[in-house]
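The structure appears right after this line, and notes come after that.
A short reminder: the numbers here are calculations on the coordinates, not readings from a lab. The shown structure was predicted, so the numbers you read here are calculated from the model rather than taken from an experiment. As a convention, Cβ positions derive from the backbone with ideal geometry for all residues, glycine included, and neighbour counts pool all protein chains shown.
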Amino acid sequence: MTAWNILCDFDGTISVEDVIDSLLDRFGRPGWEALEQDWRAGRIGSRECMSGQVALLDMRQQELDAHLDGLWIDHAFPAFVARARELQTPIRVVSDGLDYAIHRILGRYDLDNLPLAANHLAPATPPRQWQLTSPFQAEGCRSGTCKCACVAQARTGGAKTLLIGDGASDFCAADQVDFVFAKHRLIEHCRAAGIPYVPITGFEDALELLPRLLDGSLLAEHQPHVLPAAAGF
């Protein structure tokens with residue numbers, strides 16, 4: 001059986017809602033919407049957008065923690081992690097979101113020991129201010145977390161790579177992996193780019209599909225079909 005490494009997005013994939021959006025809706029000072037528009041229009045990268053938006057958050061630590069404690073993950077994700085561990089298939093969470101938020105949310109499910117690549121959220125001065133750094137950025141990449149670099153690292157040793165994701169932050173990485181479990185906008189990207197994928201609605205689907213991925217049958221079903229060359233006369 002071929003070895004696989006799983007790279008899994010967090011916001012909107014593991015989590016039910018986008019954590020950053022929920023924080024900005026509740027605690028963001030004016031100006032974060034303009035940054036969002038600039039990012040969606042391609043005028044700035046996600047790292048610049050996120051850094052500017054995090055600087056506009058106005059909240060105390062206790063308010064942040066209370067908000068995060070009200071956010072939930074896909075109900076089948078813990079079972080998916082358990083099954084992957086049984087099958088000796090490593091999972092790494094790769095996110096353009098916030099490490100503190102991901103650790104706190106996953107900690108409620110005893111899953112905060114999963115390897116994580118994400119932006120680093122830290123308190124700033126004066127109080128109620130926050131700052132963002134990006135320890136997993138890469139030269140030439142405008143994202144806070146370069147998921148393509150994470151894919152390259154996961155390929156070390158010849159393992160195949162599965163990406164589980166849902167949106168724009170996963171597009172580049174989807175072009176680099178061997179297979180994708182796709183939600184939402186990532187479905188259309190994979191379809192348009194001819195990337196081998198299956199659509200999922202959540203981790204119940206992923207849990208059912210995982211054994212077929214690992215035994216090779218799922219990948220074989222979704223390989224592009226090359227027509228034989230016509231015989232010359």
Residues located in the stretch 85-129, provided they are more than 24 Å from Ala173 (Cβ to Cβ), touching a residue at least 60 places away in the same chain (Cβ under 8 Å) and either buried (at least 21 other Cβ atoms within 10 Å of the Cβ) or among the basic types (Lys, Arg) (or both): Arg128
Among the residues listed as Asp65, Asp9, the single one being out of contact with any Ser or Thr (no Cβ under 9 Å at 6 or more places or on another chain) and among the acidic types (Asp, Glu): Asp65
Of everything in the stretch 168-204, what is part of a loop (DSSP other than H, G, I, E, B) and either crowded, with 23+ Cβ neighbours inside 10 Å or out of contact with any His (no Cβ under 7 Å at 6 or more places or on another chain) (or both)? Give them in sequence order. Asp175, Gln176, Val177, Asp178, Lys183, His184, Gly194, Ile195, Ile200, Thr201, Gly202
Hits in the stretch 48-81 - residues which are of a type in the set (Val, Ile, Thr) and either in a helix (DSSP H, G or I) or within 30 Å of Glu139 (Cα to Cα) (or both): Val54, Val81
Answer residue from the stretch 130-167, given it is in contact with a Leu (Cβ under 8 Å, 6 or more places away or on another chain) and in a loop (DSSP other than H, G, I, E, B) and is surrounded by the fewest Cβ atoms within 10 Å (Cβ to Cβ) among those: Gly167
What are the residues in the stretch 15-47 that are in a loop (DSSP other than H, G, I, E, B), farther than 17 Å from Gly144 by Cβ and either basic (Lys, Arg) or under 19 Å from the mean Cα position of the chain (by Cα) (or both), if any? Val16, Glu17, Arg29
